[in-house]
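Inspection log for the structure reproduced underneath, given as structure tokens.
The values are calculated or read from the model by the stated rules, or taken from the named source; none is laboratory data. Computed from a prediction, not measured in an experiment: that's the story for all the values here. Reconstructed Cβ throughout: ideal geometry from the backbone, glycine too, with neighbour counts over all protein chains shown. These area figures cover heavy atoms from the full protein model, side chains too; ligands, DNA and RNA do not enter into them. Shrake-Rupley method; radii C 1.70, N 1.55, O 1.52, S 1.80 Å.
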Amino acid sequence: MARTGEERVGAGARARGGPAPRRARQGMVLVITGIAGFIIAILILTRPPAALDAEVHLLGSYMVLSGLLRIGRAQVGDGMALARRVIHGVLGALVLVAGVVAVVHPPGQLTAWVTLIAVAWVLEAAVVLTGSTFSVARGLTLIAAVLCICIAIALVSYPVIGVGAATASSAVFLVLFSAAQLFEGILVWLPPRYETIAVGGEDTPHRRR
């Protein structure tokens, strides 16, 4: 039985001892964002509890990196349907813009900048969901998206729970989010025997031998 082009590429990549190109790209994006998230979370936790403005700068730098990676992946396509690819790229661009603004924002108007970075995390949740194409890690994808929302809620809740609590809780959620991204990246990079892969907007079963 003839194999599809993707299966032939995947078999060739396995013969060379590495994952298929689609797996490599998605896994790389997840691992990079996971590591970056851990670094940002550590920097946030080691700063003074009242440094919420500094957290906005740090989270903005994460958004810049994430936005660039998502735009690059949307340009490659990775088997995503055209509509999904466009949505992924547009969301990545919005995340990038929000990140740049958060990094270079002038002092003052803290509520506005915190709200901006919180909106960026909501967009990041959508980016995470639209960028997942391998069923093996779908559970972790959903967890990561929920944690993005939790980070956003923690940030905008600072007038109620206090700056220190908002900073600490958002950093803890960021650690959990980064862990989910790393584990998802590892699972994506290591192909299982059987999975469902989104190709051209449809879920297509593939059996690995």
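Miscellaneous remarks
- Residues within region 166-192 that are farther than 26 Å from A24 by Cβ and surrounded by fewer than 18 Cβ atoms within 10 Å (Cβ to Cβ), tallied: 2
- Which listed residue, of G67, G139, is small (G, A, S), assigned to a helix (DSSP H, G or I) and modelled with pLDDT of 85 or more: G67
- Matching residues, region 110-127, being over 15 Å from the mean Cα position of the chain (by Cα) and open to solvent by less than 40 Å² (accessible area, probe 1.4 Å): V114
- Residues (without any contact (Cβ under 8 Å) to a residue 40 or more places away in the chain, under 18 Å from M28 (Cα atoms) and open to solvent by less than 40 Å² (accessible area, probe 1.4 Å)) located in region 73-109: A74, G77, G89, G92
- Summed over region 171-209, residues that are at pLDDT below 75 and either closer than 15 Å to A145 by Cα or in a loop (DSSP other than H, G, I, E, B) (or both) total 8.
- The one condition in (1) outside any helix (DSSP H, G or I); (2) modelled with pLDDT of 85 or more that G92 fails to fulfil: (1)
- Of all residues in region 25-57, those satisfying the criterion of being open to solvent by 30 Å² or more (accessible area, probe 1.4 Å) and either assigned to a helix (DSSP H, G or I) or in contact with a strand residue (DSSP E or B) (Cβ under 9 Å, 6 or more places away or on another chain) (or both) are R25, M28, V31, I32, I35, F38, I39, I42, L43, L45, D53, H57.
- Residue check for A168: aliphatic (A, V, I, L, M), under 21 Å from the mean Cα position of the chain (by Cα) and at pLDDT below 90: yes
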